[in-house]
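The values are calculated or read from the model by the stated rules, or taken from the named source; none is laboratory data. Model, not experiment: these values are computed from the prediction. FYI the Cβ positions are ideal-geometry reconstructions off the backbone, even for glycines, and counts take in every protein chain you see. Surface areas here come from the heavy atoms of the whole protein model, side chains and all, with no ligands, DNA or RNA. Shrake-Rupley method; radii C 1.70, N 1.55, O 1.52, S 1.80 Å.
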Amino acid sequence: MRSHSSLQRKRMWALLSKIAEEATFQGYKLDKDEWKRLLTAHMYGKERLTRHMTVSEMNDFHNYLEVFCIDNDINIKEYHD
């Protein structure tokens, strides 16, 4: 299995930065690293290191982040290819 690309990693951090700017968790602001830990744990049932994700797994995580943004009224149209 191939590891994810640097482009995928860059996109992931852009989405997480947008989430950190606009979203709160139980009334608290989280930074992008905290959001990554929280959302990977929610998606996989435990915290998961994104550096070990394959291309396919990273695509799934991007989709998860996009759905989170849509559900939380976070505008990400500039992040679409």
Val67, sole failed condition from (1) at pLDDT 95 or above; (2) in contact with a helix residue (DSSP H, G or I) (Cβ under 8 Å, 6 or more places away or on another chain): (2)
Can you list residue pairs whose Cβ atoms sit under 6 Å apart, with the first residue in region 30-46 being touching a residue at least 12 places away in the same chain (Cβ under 8 Å) and the second being open to solvent by 50 Å² or more (accessible area, probe 1.4 Å) and in a helix (DSSP H, G or I)? Count only pairs 6 or more apart in sequence or on different chains. Met43/Tyr64
Residue that is surrounded by the most Cβ atoms within 10 Å (Cβ to Cβ), among those in region 33-48 that are part of a loop (DSSP other than H, G, I, E, B) and on the phi < 0 side of the Ramachandran plot: Arg48
When you check Asp60 against the structure, is it part of a loop (DSSP other than H, G, I, E, B), open to solvent by 70 Å² or more (accessible area, probe 1.4 Å) and not basic (Lys, Arg), yes or no? no
Quick one: is Arg11 exposed (fewer than 11 other Cβ atoms within 10 Å of the Cβ) and not acidic (Asp, Glu)? no
Qualifying positions in region 15-32 - in a helix (DSSP H, G or I) and surrounded by 15 or more Cβ atoms within 10 Å (Cβ to Cβ): Leu15, Leu16, Lys18, Ile19, Ala20, Lys32
With respect to Phe68, is the statement that it is surrounded by 16 or more Cβ atoms within 10 Å (Cβ to Cβ) and aromatic (Phe, Trp, Tyr) true? yes
